[in-house]
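Input: a single structure, listed below in structure tokens.
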Amino acid sequence: IATCVLANIWVDDTDQRDNVATILSVLESRFDLVVRSCYAGVRIPEPDIFTNALEKLAVKPQDAVWLDVDEESVKAAESLGMTAVQVKDITEALKEVQKLTGKE
């Protein structure tokens, strides 16, 4: 299973940029791909950010599962043919992913 994070983020030149850099470093070490909107030129929930990530991962939309707290993003992913789970409770969302993927 390939994993990816899509992040609506801007280039940070504030004094707090070290915090953002640390978070991104951790994400990049744990996920196969991290797509930052500031570099991709598109934001979530724009379709191109999803298709860009899917292409980079060589995954078809029907083989992808999108998790997000935002209903608009969930609907955007579904409109592209992805299965989407709105995260209201992380434990329940992970159970749903396990059902969908057959992976524990």
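The values are calculated or read from the model by the stated rules, or taken from the named source; none is laboratory data. Predicted model, so just to flag it, every value in this text is computed and none were measured. Cβ: placed from backbone, ideal geometry, glycine included. Neighbour counts: every protein chain shown. Heavy atoms of the whole protein, side chains included, go into the accessibility calculation; ligands, DNA and RNA do not. Shrake-Rupley method; radii C 1.70, N 1.55, O 1.52, S 1.80 Å.
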**Request:** Report yes if VAL34 is in contact with a Cys (Cβ under 8 Å, 6 or more places away or on another chain), open to solvent by less than 40 Å² (accessible area, probe 1.4 Å) and either polar (S, T, N, Q) or at pLDDT 95 or above (or both), otherwise no.
**Result:** yes
**Prompt:** Just to be sure, is ALA53 touching a Cys at 6+ places or on another chain (Cβ under 8 Å) and either surrounded by 14 or more Cβ atoms within 10 Å (Cβ to Cβ) or in contact (Cβ under 8 Å) with a residue 40 or more places away in the chain (or both)?
**Reply:** yes
**Asked** Only one of these conditions is not met by GLU78: (1) closer than 18 Å to TRP10 by Cβ; (2) charged (D, E, K, R); (3) assigned to a helix (DSSP H, G or I). Which number is it?
**Response** (1)
**Request:** Could you run through the range 1-56 and say how many residues are acidic (Asp, Glu) and not in a loop (DSSP other than H, G, I, E, B)?
**Result:** 4
**Fill in**
Within the range 66-79, residues within 18 Å of THR3 (Cα to Cα) and surrounded by fewer than 16 Cβ atoms within 10 Å (Cβ to Cβ) come out as VAL69, GLU78
**Asked** Which one of ALA84, ALA2, ALA7, ALA93 is open to solvent by less than 70 Å² (accessible area, probe 1.4 Å) and touching a Lys or Arg at 6+ places or on another chain (Cβ under 6 Å)?
**Response** ALA7
